[in-house]
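Below: one structure, written as structure tokens.
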Amino acid sequence: MTIIAGHTTLILAAHPDDEVLGCGGTIARLVDEGQAVHVVIVAEGATSRDAARDRAARAGELSALAAAAHCAGDILGAASVDLLDFPDNRMDSLDRLDIVKAIEALVARHAPEMVLTHHAGDVNIDHRRLHDAVVTACRPQPGHPVRRLLFFEVASSTEWQPPGSAPAFRPTVFVDIAETLDRKMEALQAYASEIRPWPHSRSLEAVAHLARWRGATVGRAAAEAFMLGREII
């Protein structure tokens, strides 16, 4: 059974590696089903480590992350991987309209039937800002191409938000990735600089355990979990 009828899916991730952590197995499965999957990473992923944003000082690291993103996309079979240049962990310093306009342009370019992005309650501010912008850009106006909107979880962000501080991640859609988990893990290893040792929740072991647990909750060997934002059928 296919995940959704259609031809094109757009993945909107805040940082390099979020796309793999959140939905790498689903990307690979969609590709196997004949979909064109376009990945867009909205914010660069390194300058928040300094007191002030200095792209020049992090040029080598940013270049390596971009290369890793393209490598991960190739492993998963993405039709395209694009990296924008919003500031890392500083997207709350931007006008939301500027983020919305960038997303609207991407939707106009790719005309996706399905869009996957971050959950609203993540501890990471860029995840939350991107979520809000995507919801606005994908409002269901007549003729809008997006028919399904899904929100994914990201290990080391979604589960770190304390209860009551933001909306909880309560998945309603589970994608069986038993056949594509190995490719998700291979793609994640392209981001060697972002992986942490066990028992960090962004370790390879933790990511695999989460996929197995999400699968076990619905009687599958492995799964990725999502919250359904909207579906038009």
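The values are calculated or read from the model by the stated rules, or taken from the named source; none is laboratory data. None of the values given here were measured: they were computed from a predicted structure. Note that we place each Cβ from the backbone using ideal geometry, even for glycine, and neighbour counts take in every protein chain shown.
So which residues in region 34-62 are in contact with a helix residue (DSSP H, G or I) (Cβ under 9 Å, 6 or more places away or on another chain), at pLDDT below 80 and outside any helix (DSSP H, G or I)?
Within region 34-62, GLY45, ALA46, ARG53, ASP54, ARG55, ALA57, ARG58 meet the criteria.
Of (1) within 16 Å of the chain's Cα centre (by Cα); (2) surrounded by fewer than 16 Cβ atoms within 10 Å (Cβ to Cβ); (3) modelled with pLDDT under 95, LEU65 satisfies all except one. Which?
Among (1) within 16 Å of the chain's Cα centre (by Cα); (2) surrounded by fewer than 16 Cβ atoms within 10 Å (Cβ to Cβ); (3) modelled with pLDDT under 95, the lone unmet condition for LEU65 is (2).
Does region 150-162 include one or more residues that are among the small types (Gly, Ala, Ser) and surrounded by fewer than 15 Cβ atoms within 10 Å (Cβ to Cβ)?
Within region 150-162 (the criterion being among the small types (Gly, Ala, Ser) and surrounded by fewer than 15 Cβ atoms within 10 Å (Cβ to Cβ)), the answer is no, since none of the residues qualifies.
Scan (1) part of a loop (DSSP other than H, G, I, E, B); (2) surrounded by fewer than 20 Cβ atoms within 10 Å (Cβ to Cβ); (3) modelled with pLDDT of 95 or more for the single condition VAL31 breaks and write down its number.
Status for VAL31: all satisfied but (1).
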